[in-house]
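Student: Sharing a structure below in structure tokens format, with a few things to ask.
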Amino acid sequence: MEVTDYKCLHCGHEYKGPFDKKVPIERVCPKCSSNSIRKVKKKPTK
Ligand SMILES: [Zn+2]
């Protein structure tokens, strides 16, 4: 399982969460409980 960065489109909160291709996880913002979550692509440079 890999960890991916997610960003909430509702409140802008960014967090890391597990990402499993086999198991579709319902993504919900831990801050505002919105399901408008977008996957953020990791940048190669910090
Ligand atoms: Zn949110």
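Student: Which one of Lys16, Lys43 is more than 16 Å from the ligand (Cβ to nearest atom) and among the basic types (Lys, Arg)? Reasoning before the result, please.
Tutor: On the way: Lys16 fails: more than 16 Å from the ligand (Cβ to nearest atom).
None of the others qualify; the one that does is Lys43.
Student: List every residue pair whose Cβ atoms sit under 6 Å apart, with the two residues 6 or more apart in sequence or on different chains, where the first one lies in region 30-46 and is touching a residue at least 12 places away in the same chain (Cβ under 8 Å) and the second, anywhere, is within 13 Å of the ligand (Cβ to nearest atom) and basic (Lys, Arg).
Tutor: Here the result reads Ile37/Arg27; Arg38/Lys7; Val40/Lys7, each pair linking region 30-46 to a residue that is within 13 Å of the ligand (Cβ to nearest atom) and basic (Lys, Arg).
Student: Residues in region 25-40 that are within 11 Å of the ligand (Cβ to nearest atom) and either among the hydroxyl-bearing types (Ser, Thr, Tyr) or assigned to a loop (DSSP other than H, G, I, E, B) (or both): how many?
Tutor: So the count comes out to 10.
Student: Conditions first: (1) at pLDDT below 90; (2) within 14 Å of the ligand (Cβ to nearest atom); (3) among the aliphatic types (A, V, I, L, M). Leu9 passes all but one, so which condition is the exception?
Tutor: (1)
Student: Does region 15-24 contain any residue that is within 10 Å of the chain's Cα centre (by Cα), part of a loop (DSSP other than H, G, I, E, B) and free of Cβ contacts under 8 Å to residues at least 24 places away in the same chain?
Tutor: Taking every residue of region 15-24 in turn, none turns out to be within 10 Å of the chain's Cα centre (by Cα), part of a loop (DSSP other than H, G, I, E, B) and free of Cβ contacts under 8 Å to residues at least 24 places away in the same chain.
The values are calculated or read from the model by the stated rules, or taken from the named source; none is laboratory data. This is a predicted model, so every value here is computed, not measured. Note that we place each Cβ from the backbone using ideal geometry, even for glycine, and neighbour counts take in every protein chain shown.
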